[in-house]
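What follows draws every value from the coordinates through simple rules; no lab data is involved. The structure presented is a predicted model; accordingly, all values stated were derived computationally and were not measured. Virtual Cβ from ideal backbone geometry, glycine too; neighbours counted across all protein chains shown.
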Amino acid sequence: MSDVTERIRSEMAAVFGVAAADIPADAAPGRIEKWNSLGHMQLIVALEEAFKIRFGDDDLIRLVSLPEITATVTRKLGGQP
Amino acid sequence: MIEIIVPTINTNDVDAVLRQWVKKAGDRVAAGELIAVLETTKASYELESPAAGILEALGEEGQSYAFGAAIGAIHSDEASLLAARAARQAAPAAASGGPVITAAAQRLIDKLGLTPQQVAAIRKRVIKESDVQALAEPSAGGGAQLSAQQQTIARTVGRSHATIPDAFLLQKIDVTAALTSLIAYRERHKAMVGLPDLLVWSVAQLTGSFPMFFGQLDDSLAMRTSTAGNIGVTMDVGRGLYVPVLREASSLTLLQASAQLSSFRMKALRNTFEAADLAGGDLSISLNTDEGTVLVKPIILPPQTCMLSVGAVLKELVLAGTTLIERSYVLLGVTYDHRAINGFQAGAFARAIKSLLEAPEVLER
């Protein structure tokens with residue numbers, strides 16, 4: 001598991017109020033109780049602050065799983081997609 | 001000097017028309033003597049003088065005045081009347097066709113050194129001392145003036161409360177199947193589509209069936225309906241309340257509607273809304289989905305006739321035959337303008353929304 005994924009998982013744990021260990025590799029909205037529309041926005045804000053990145057309008061609707069988020073954050077950090 | 005105040009005549013109206021001054025300005029009147037006739041939507045009302053003295057008539061015949069507004073004054077003598085007139089003539093807003101400012105209010109304005117712009121912000125036809133006092137209190141107490149955005153909200157909320165006699169209906173909706181279907185829908189379309197998106201989009205499908213809920217009701221009680229499905233949606237991510245309008249939502253797919261709402265959420269986050277994003281709604285929806293929020297009873301945004309609200313997803317155990325099962329539900333609030341809509345229609349509208357949300361196959365339309 002990459003360092004980026006672990007950091008994202010840590011942010012998710014804080015936003016959704018669950019243990020990081022309970023967030024599966026394929027975590028997605030609806031499968032974590034608080035990952036709803038509002039929780040999604042809160043996660044976006046937390047990730048932007050944690051990684052010092054800025055998501056685009058189109059990113060928001062496409063970030064529907066932990067792998068998708070990891071790929072997008074990695075790309076914005078200048079790493080491999 | 002004693003002000004002549006429009007009394008609270010009934011609970012169905014918020015204002016009354018000054019139909020006629022029975023006594024003329026400058027007349028000497030006795031306490032309890034009939035001086036004017038007011039008219040509400042229900043009946044005429046004879047206004048009696050609150051004191052003996054000389055009548056100063058400020059209100060104009062044919063104009064509407066809110067309950068509590070001052071439409072004139074009774075002066076004990078000529079000197080008091082002349083002083084009041086002089087003070088009023090010195091008030092620039094009144095001279096330019098602006099609000100009438102009572103003498104006591106004008107003295108307080110002068111004392112506080114308020115600008116005409118600050119006085120105009122009171123937005124009343126007749127400005128009383130208490131109005132000026134209320135305006136001055138924040139600064140007198142060292143508090144901060146509301147932000148421009150919050151002042152806009154304040155004006156809208158005030159106008160809504162003052163002009164729209166609303167009624168409210170609550171509908172329980174089982175969203176268990178919809179939530180399950182949304183998980184599959186998101187995975188199939190690789191898109192973050194949530195229950196609020198589904199609600200907004202579903203409501204937009206009902207424009208043709210419930211025309212009185214979509215459009216604008218003007219002051220003459222003429223309703224201009226719209227089938228476009230321009231739906232305002234409240235958004236507040238802690239950076240101010242906005243109500244962007246999802247345009248022509250009745251002709252969008254759920255995925256298209258959700259993408260537009262996502263874009264709005266980002267604008268709410270970045271504080272980058274443009275005026276065009278926020279104008280022209282036919283009906284609005286107040287989303288209050290924070291955990292534990294059962295429901296918020298919203299206002300109606302004038303000149304619309306309805307605002308819906310929805311709270312967080314709640315859970316309950318229900319008996320299915322002999323088995324207890326967990327069910328997810330939301331409470332849908334329908335606040336409607338009772339001048340245009342009655343409870344029968346509101347109930348039918350709420351049930352139609354419930355039917356759509358409880359039928360997951362709606363997602364694939």
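The charge dipole of region B:152-364, taken about the Cα centre with unit charges on the Cβ atoms of Lys, Arg (+1) and Asp, Glu (-1), comes to about 240 debye, rounded to the nearest 20. Annotation: aspartates and glutamates with alpha-carbon distance below 18 angstrom to residue B:128 (same-chain offsets under eight excluded): B:3, B:15, B:56, B:60, B:110, B:137.
Counting 0.36 nm for each residue step from residue B:216 to residue B:33 and taking away their Cα separation leaves a gain of 61.6 nm.
Pull out the extension gain between residue B:251 and residue B:20, defined as 0.36 nm times the separation in residues minus the alpha carbon to alpha carbon distance; nm, one decimal. Write out the running numbers ahead of the final one.
Numbers: separation 231, 0.36 × 231 = 83.16 nm, distance 5.18 nm.
My answer for the length gained is 78.0 nm.
Taken about its Cα centre, chain B carries a charge dipole of roughly 700 debye when the Cβ of each Lys and Arg holds +1 and the Cβ of each Asp and Glu holds -1. Put +1 on the Cβ of every Lys and Arg and -1 on every Asp and Glu Cβ in the protein assembly as shown; which of A:77, A:46, B:216 then has its Cα farthest towards the positive end of the dipole? Positive-most Cα among the choices belongs to A:77.
So if each residue of separation counts as 0.36 nm, and I subtract the Cα-Cα distance between residue B:134 and residue B:190, what length gain in nm does that give?
Values: separation 56, 0.36 × 56 = 20.16 nm, distance 5.30 nm.
Contour length minus Cα-Cα distance gives 14.9 nm.
The ellipsoid equivalent to the alpha-carbon distribution of the protein assembly as shown has semi-axes of 54, 27, 17 angstrom, derived from the gyration tensor eigenvalues as √(5λ) and listed largest first. When Rg and Dmax are taken over the Cα atoms of chain A, they come to 11.4, 32 Å.
Could you work out the relative contact order of chain B, using alpha carbon pairs under 8 angstrom and six or more residues apart, expressed as a whole percent? Rounded, it is 14 percent for chain B. Farthest toward the positive end of the dipole of chain B, out of B:104, B:328, B:70, is the Cα of B:328, where the dipole comes from beta carbon charges about the Cα centre.
Other residues within the sphere of radius under 12 Å centred on the Cβ of residue B:48, judged by their own Cβ, net out at -1 (K and R +1, D and E -1). The simple Förster model, with R0 at 45 Å and r as the Cβ-Cβ distance, assigns residue B:112 and residue B:274 a FRET efficiency of 0.75. The share of alpha-carbon pairs in region B:233-365 lying farther apart than 24 Å comes to 39%. Of all lysines in the structure, the ones whose alpha carbon falls short of 17 Å from that of residue A:76, not counting any fewer than 8 places away in one chain, are A:52. Taking only the Cα atoms of region B:220-290, the radius of gyration and Dmax are 12.8, 39 Å. Shielding by partners for peptide B:266-272, expressed as the average number of C-beta atoms from other protein chains within 10 Å of each residue's C-beta, is 3. For region B:152-364, relative contact order (Cα pairs under 8 Å, six or more residues apart, normalised by length) works out to 29 percent.
Between residue B:246 and B:231, B:232, B:233, the built amide H atoms are under 5 Å apart, and every one of these is 5 or more places off in sequence or on another chain.
Enumerate the residues in region B:169-194 having an amide nitrogen under 20 Å from the point lying 7 Å beyond the Cα of residue B:325 toward its Cβ. What the label zone holds, given the 20 Å backbone N cut-off, is B:172-185.
Working note: 222 nm ellipticity from helices only, DSSP H runs with n ≥ 4, each -39,500 (n - 2.57), summed and divided by the residues of the protein assembly as shown, gives -11000 deg cm²/dmol to the nearest 500.
This model, with +1 at the C-beta of Lys and Arg and -1 at the C-beta of Asp and Glu, gives the protein assembly as shown a dipole about its Cα centre of some 520 debye.
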